[in-house]
Amino acid sequence: MFKPWHAVRLFTILVYLFTFVPITVVILLSFNPAQFGTFPMHGVSGRWFLALAQDAHIVRAFRTSALLGLCTSVLSTSIGVMASLALVRYRFPGREAISTLLVTPIMVPEVVLGVSLLLFMRFLDLHRNFALLLMGHVLITLPFVVLVVQARLTGISRVYEEASLSLGANRLQTFFEVTLPLLLPAVFAGMLFAFTISFDDITATLFWKPPGVQTVPTQIYGMLRNSISPEINALGTVMIVVTVGVPLAAGALARGFARGMRRGRGAADTAVSPALEDATP
C-alpha cells in the first residue's frame, strides 16, 4: 500500500540525487585522462591537477582567495566576538536594534547587497580595491560569526566571570583567561565559517573585486565563459574539497577541543573539592 511517507522519502531521494550527482560527475571527470569527458573512463590520471599547479592565473587566484579568506575570518571573528559579548553580557539602549542590524545581511540577497555597496562606493567616488573587497566580505560573514558566538555565550554561566572578578582580576584579564577559553570552540567554528563563505563567494565578489584581481570562483566563472576545459573539473574538485573538508575538519577539532576542556574542568573540580572540604569548619 502506497503511503504519504513513501512519497516524502521518494522526493527526498530525488532531491539528494539532483544535488549530489552533478558534484560526483565533476569529481570523476577531474580524474579523466581524456581531453573530453566521456563515460566509461579509460583510466585515471591526475594530469589536470598538475595543469592547475602550472597555471599562473589559477595559482594567483588561489593566493588571492586564501589571503582574502584569512583576512576576512580574522576581522569577522574579532568584531563578532566583541559584538556578541556586548549584546549578551550588557544592557544598553538600542541593543535589539544593533543585534538586528548585525544579522540583516543574511536576509538581503547577495546581488542586492553587491549592487548597493557598488553604487555607494561610486557615490563616494571610491575606486574598487582589495580593502573594499575585504570590507564587503566581512559584511557578508559577520552575521554568521555573531550568531554562532552568541549561541555559545548565552550558554556560559556568568558565575565563572563573577568569580574571577571577585578574586581580583579586572575585566580584560577575565575575558582572556576565563571567557575566551570557554568561547574557543564557537570562535573557531565562526572563523572557519567566515573563511569558507569568503573563499566560496562569487555573487558579491563579481561586483566588488578590483580590475585584474581574480578569486578562485571568479576564475572558474571566467574559464566557463571562454570554453569548457577539463581543468575546470579539477578546479571544481579542489573547491569542493576546500569548502566541504575545512568545515568538517574544523568541526572535528572543535569537538575534540570541547571534550578536552570538559576533562580539564572535571580534573580541576576534583582537585578543588578536597581543598574546599579541608577549609570547611
Q) Does any residue of segment 58-81 turn out to be free of Cβ contacts under 8 Å to residues at least 60 places away in the same chain and within 26 Å of residue 150 (Cβ to Cβ)? A) yes
Q. What is the residue count in segment 137-161 for residues that are at pLDDT below 90, part of a helix (DSSP H, G or I) and over 16 Å from residue 100 (Cα atoms)?
A. 6
Q: Quick one: which helices (runs of 4 or more DSSP H) lie wholly within segment 32-136 and hold at least 2 residues that are loosely packed, with under 15 Cβ neighbours inside 10 Å, of a type in the set (Gly, Ala, Ser) and modelled with pLDDT of 85 or more?
A: 56-89
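The values are calculated or read from the model by the stated rules, or taken from the named source; none is laboratory data. Everything numeric in this text was worked out from a predicted model, so none of it was measured. As a convention, Cβ positions derive from the backbone with ideal geometry for all residues, glycine included, and neighbour counts pool all protein chains shown.
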